[in-house]
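Structure, as structure tokens:
Every read-out reported here was derived from the displayed coordinates using simple, explicitly stated rules and does not represent laboratory data. Keep in mind that this is a model prediction, so the values were computed, not measured. Using ideal geometry, Cβ is built from the backbone for each residue, glycine included, and neighbour counts are taken over all protein chains shown.
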Amino acid sequence: MKRNYTQAFLNELPQQRQMLFVSGPRQVGKTTLAREIISTPDYYLNWDNPDHRQIVLSGPNQTAAYLGLDQLHKKPLVIAFDELHKFKDWKNWLKGFFDLYEKQVHILVTGSARLDIFRKGGDSLMGRYFHYRMHPLSLRELSSGFDASMLLQPGHKPEKEALTQLLKFGGFPEPFIKADTRFYNRWQKRRQQQLIYEDIRDASQVQEIAQLEILAQLLAQQSGQVTRYSTLAKQICVSVDTIRRWLTVLESFYYCYRVRPWFNNITTALRKDPKTYLWDWSQVADKGARNENFVASHLLKAVHWWTDMGIGQYDLHYLRTKDHKEVDFLVSKDGKPWFLVEVKSAASQAINKHLAWFQEKTGAQHAFQLVMDLPYVDADCFATEKPTKVPVESLLMRLV
């Protein structure tokens, strides 16, 4: 399956001197992306390959010679370094390589979540890269191409059964394509073990891995609920500070993500406690919580893409007051509320009265109640400004 990211990054690489860093969850398709972007296997180096590792360890000049940079080429070569972050001194190595051969190459660097962890440290690569976050498959990506430079895509009818299959098997390419329950169960178990007992154990300072695994299971059971650090700490018998640190680790490895409250202009709004969702919404057992997590992940993919592409600064929040008024999501654009989203399973459910209240308080332009069981309608939901019931497919097909 060719991802929409492929053509977008092929277009991006020649247009700027900076390297492209692509990070995302384990098995989301980063290695496949790298192999599709380069023109020949010789321009792809994977740290996990012992032969490629030896080439990198021989130094930037020897690596350049292996890639043919000591020869004349008609145009800069597109090369990819995969899992390079596992090399302890990868940032200094890459800085030296880039500074020497910047005019001869376009560089793609892909890696697991650890790439994002190390990226946040002291940054010797400042000004030399743009960072992109790669997400699982979405409804739009499965059903139609997209214009990477556009904010909202034109309406398009989704592929038949795409919504049902995404909800059941998640958006990671391999289990989605196979659409086989037995394979999915085995894949899911193995991926969870690799993430916690290999990736996190090897790259973090967490010693109590078994307890961290319990935290991961609790987060799956509580997806979409306000995350109370003190409650989790009591359940696992650790300190609140430990829970905060472990959540940051799980977030850094793309197991989960936190959506923080919006409180500007709302004096009674919650200000601190986030909601937590999973990158793999298929792990959420409760149907209603899974639907909410599914929509959250589509919105997060959109705000990350719009921000990473430089269209603007977009963020995802939720809304809740101390007297329990609540709306599931608020998407902000350049620091200002843009649209509100409430997720409901059935069209028979009345429009959440808090949508209108929060829309007035925040000044958001749009307020949608997404309905999971309404069929796709080929109409622009962004043409409406008052709270409106919208088929989930009609909104998500406008995103990426």
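Annotations
- Here the chain carries DSSP beta bridges of which approximately 35% are antiparallel, counting only pairs with both residues inside.
- Dipole magnitude (debye, nearest 20) for the range 4-134, charges at Cβ of Lys, Arg, Asp, Glu: 320
- For residue 111, the amide hydrogen comes within under 5 Å of the amide hydrogens of 22, 24, 83, counting only partners 5 or more places away or on other chains and with H modelled in the peptide plane.
- Other-chain or far-sequence residues with amide H under 5 Å of residue 129's (modelled H): 19
- For the range 140-396, with +1 on Lys and Arg beta carbons and -1 on Asp and Glu, the positive-most of 321, 166, 347 along the dipole: 321
- At q = 0.11, 0.12, 0.19, 0.22 Å⁻¹, base-10 log of I(q)/I(0) for the range 4-134 (Debye sum, equal scatterers on each alpha carbon): -0.33, -0.40, -1.11, -1.60
- Efficiency of FRET from Cβ geometry, residue 202 and residue 346, R₀ 51 Å, rounded to 0.05: 0.70
- Here the relative contact order of the range 348-400, from alpha carbon pairs under 8 Å that lie six or more residues apart, stands at 36 percent.
- Sorting the segments 299-312, 8-21 by their mean number of nearby beta carbons within 10 angstrom, highest to lowest, gives 299-312, 8-21.
- Computed over the chain, Kirkwood Rh from alpha-carbon pairs, angstrom: 22.5
- Take 338-351, 77-90 and order them by the average number of nearby Cβ atoms within 10 Å per residue, most first; the result is 77-90, 338-351.
- The gain in end-to-end length when the residue 336 to residue 217 segment is fully stretched comes to 39.4 nm, 0.36 nm per residue minus the alpha carbon separation.
- Rounded tilt (10° steps) of 181-194 against the dominant C-alpha axis of the chain: 60
- Spin-label proximity, residue 237 to the range 171-196 - amide N less than 12 Å from point 7 Å beyond Cα toward beta carbon: none
- Förster radius 56 Å - calculated FRET efficiency between residue 70 and residue 389, Cβ distance, rounded to 0.05: 0.35
- Computed about its Cα centre, the charge dipole of the chain is approximately 600 debye, with only Lys, Arg, Asp and Glu carrying charge at their Cβ.
- Gyration tensor verdict on the range 260-400 (Cα atoms; rounded if a/c is under 1.5, prolate if a/b is larger than b/c, oblate otherwise): rounded
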